[in-house]
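Heads up, the thing below is written out as structure tokens.
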Amino acid sequence: MIDFIYKLKWYFSEHKMKYLLIVVLAVISNFMEVIPPQLIGRTIDLINTGDMTIGTMWLIFLLFIAVIISTYLLLYSWFYMLFGSAYDIESILRMRLMQKFLTLSPSFYERNKTGDLMAKATNDMRSINRAMGFGLITLLDASTFLLTIILVMAFTINLELTFYALLPLPLLIIIEVYLGRMISKRHTESQKSFGVMNDAALEVVEGVRLTRSYVQEEAEAASFKGKTKDYLDRFMKVEKLDALFQPLTIFVVSLSFIIAFGYGAVLVNEGEMTVGEVVTFNIYLNMLIWPMFAMGMLFNIMQRGNASLNRVEEVLQTEDDVVDTGDSIVESSEIDFEHVSFSYPASSRQNLDGVTIHLKAGDTLGIVGKTGSGKTTLIRQLLKMYPAGTGSLIIDGINITRLNKKELRQRIGYVSQENILFSRTVKDNILFGNPGASDDELDRAIEVSALDSDLALMQKGLQTMVGEKGVALSGGQKQRISIARSLIKDPEILIFDDALSAVDAKTEQQIIDNIKRERKEKTTIIVTHRLSAVRHADVIVVLEDGRIAETGSHDELVKSDGWYRRQNQYYETGGEEND
């Protein structure tokens, strides 16, 4: 509990006056709540002694009304402020988490599953909200209310009776602390299991077409059932511990009632207490049920909140392995790879080995090679997606380690293999590359990407909804929207990572011709398996196992006796291009 509050001290420091006011209002409201039992006890004693009058009765009645209304207003005020703060900090943490997701490199997502990250952004945030809201309300209300009642019982009724009646309570606190620690551990395991189940649900939904085509519905359902059962079993272990709190509270408070009634009757018989005082004392004892039960819930909620906060903090404290210390800005698009070597963190081999390429501003570079030869890896180095390897990657005369990631990527138009689209209109997906683009710039990007003919066939044109991840479009349409999205940036460097694989040969040639015309003085890099897409390139490199096996223009490479020539022969004779 203390650990949870300490981790959020930055928020409490920023809003210390607000929380000070909350504490003051909580203390006052709890003091107001102990007045009615006093009035009840005094009324009983006045009736027993025959001193009750009509005037006294009305005075007690009006006091009751005033206390009830005042207590309601006070409780409403500090409950509202505390719950508002809980949602405020949940919003802040969720925004920080999302900002972290947007800045972390791909290696982070290789280590963490999407389902678990979603669990941290949803279930864990709800647990933190409950701890900050209901948890802190319980902490303030239960602790101050408990202390107020005990002090009133001890100093306005009978100190000795209070001592004996409260003897069982420390046992309850010890047990609840122990249960809280067990709940924290099992809640963490439960949330991890939820993340696995969440990830499995995403895979089922995304791969539903493949599952049906291979008639694997029953196998997938059985697999998901196993993950669901694992989460349910772990969740029920938490709930079994949680269910112990209320019976324990009732049992301990019942022991206190037995002591209070028995010893209270002795004290009344000896004349040390009145009947009204015994009634008042037992009303106070009954009022202790809530704070004692609340203390049990407090340990539970705070331990869950702390476990969830630890999971969120684990992400927030993750350092990006691509350190961005650069502040230089790219002015032109001259690129030099000088003996660049690189290995992925999880790789046991060199994914790039001594790659050297010189590309002048305005040149077109074609990158070809077998699957797994390192083509996409080379592009990722240029985009600063992974830590720099050995050697030097120089853009515009500046080493890439000195270039600011954001500034660099703003000057690069990148069309990836995945062709990721958002569940928005065609227009919105294109303008994602440059939200401030004019209509003329939009039309030009559509024309260069050869998307105009397809738009004419769409009933709503640019306002056509693409569906989730572009499910309503063909592969070629998705690729051309992605190309238009990169072209509308008018980038200094344009990169196609196998971005023409889903279009026919005629459309491919049309796009290549348009790019050659529109980007005469700007650098273009085309990664492909289809040699027709790079025939016009100024420089073509053939990668093999992360090394450059061949380099030159198309005419030069077809005269050599290498992979490129053999692939070109297959292409010209209508054969398949082999990897």
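Miscellaneous remarks
- Rounded Å value of the spacing that divides the Cα centres of region 2-64 and region 166-238: 42
- Peptides 116-127, 49-60, 155-166 ordered by average Cβ neighbours within 10 Å, highest first: 116-127, 155-166, 49-60
- Centre-to-centre separation between the Cα atoms of region 408-480 and those of region 263-326: 55 Å.
- Bridging of LYS227 to aspartates and glutamates at a Cα separation below 16 Å is possible for ASP116, GLU189, ASP199, GLU203, GLU217, GLU218, once same-chain residues fewer than 8 apart are set aside.
- Assuming charge only on the beta carbon of Lys and Arg (+1) and of Asp and Glu (-1), the dipole of region 417-490 about its Cα centre is about 280 debye to the nearest 20.
- Candidate aspartates and glutamates for bridging to LYS406, where Cα separation is under 19 Å - those fewer than 8 sequence places away on the same chain excluded: GLU319, ASP320, ASP321, ASP324, ASP327, GLU331, GLU334, ASP396, ASP490, GLU492
- For region 417-490, alpha-carbon Rg relative to the globular expectation (2.2 N^0.38 Å, N residues): 0.95
- Taking amide H positions as modeled 1.01 Å from N, with prolines and chain starts lacking one, the residues under 5 Å from ILE525 and 5 or more places away or on another chain are LEU365, LEU494, ILE495, PHE496.
- As a size descriptor, the averaged projected area of the C-alpha convex hull of region 175-317 was calculated at 12.6 nm².
- The ellipsoid equivalent to the alpha-carbon distribution of region 340-415 has semi-axes of 20, 16, 12 angstrom, derived from the gyration tensor eigenvalues as √(5λ) and listed largest first.
- Phi to ³J(HN,Hα) by Karplus 6.51 cos²θ - 1.76 cosθ + 1.60 over region 553-568, Hz, x for Gly, Pro: 7, 4, 5, 5, 6, 6, 8, 7, 9, x, 4, 4, 4, 5, 5, 5
- Cα-centred dipole magnitude for the chain, charges only on beta-carbon of K, R (+1) and D, E (-1), debye, nearest 20: 500
- What the Cβ-Cβ distance of MET458 and LYS18 gives, at R0 = 56 Å and to the nearest 0.05, is a FRET efficiency of 0.60.
- If both residues of a DSSP beta bridge must be in the chain, then about 50% of such bridges are antiparallel.
- Full-stretch length increase - ALA243, LEU102 - with 0.36 nm per residue and alpha-carbon distance subtracted: 46.8 nm
- Its relative contact order, with pairs defined as Cα atoms under 8 Å and 6+ residues apart, puts the chain at 14 percent.
- Greater than 24 Å apart at Cα, pairs in LYS360/LYS405; LYS478/LYS506; LYS192/LYS375; LYS100/LYS225; LYS370/LYS520; LYS360/LYS506: LYS192/LYS375; LYS100/LYS225; LYS370/LYS520; LYS360/LYS506
- Listed peptides 431-444, 393-406, 448-461, 526-539 appear in the order 526-539, 393-406, 448-461, 431-444 once ranked by packing, highest mean of other Cβ atoms within 10 Å at the front.
- Residues in region 77-99 reached by a label modelled at GLU313 [backbone nitrogen below 20 Å; 7 Å Cα→Cβ]: 86-99
- With Cα atoms, 0 to 90° folded angle of helix 136-152 axis to the chain main axis: 10
- Size descriptors for region 64-135, from the alpha-carbon set: Rg then Dmax equal 18.6, 65 Å.
- Whole-Hz ³J(HN,Hα) from phi, Karplus 6.51 cos²θ - 1.76 cosθ + 1.60, for region 250-258, glycine and proline x: 4, 4, 5, 5, 5, 4, 5, 4, 4
- Sorted into 10 angstrom bins from 0, the C-alpha pair distances of the chain split as 3, 13, 17, 17, 14, 11, 9, 7, 5, 3, 1, 0, 0 percent.
- Calculated [θ] (222 nm, deg cm²/dmol) that DSSP helices of n ≥ 4 give over the chain, each run adding -39,500 (n - 2.57): -20000 deg cm²/dmol
Bear in mind these aren't lab numbers, they're just calculated from the coordinates by the rules spelled out. Keep in mind the model is a prediction, meaning the values are calculated, not measured. Neighbour counts run over all protein chains shown; Cβ positions are idealised from the backbone, glycine included.
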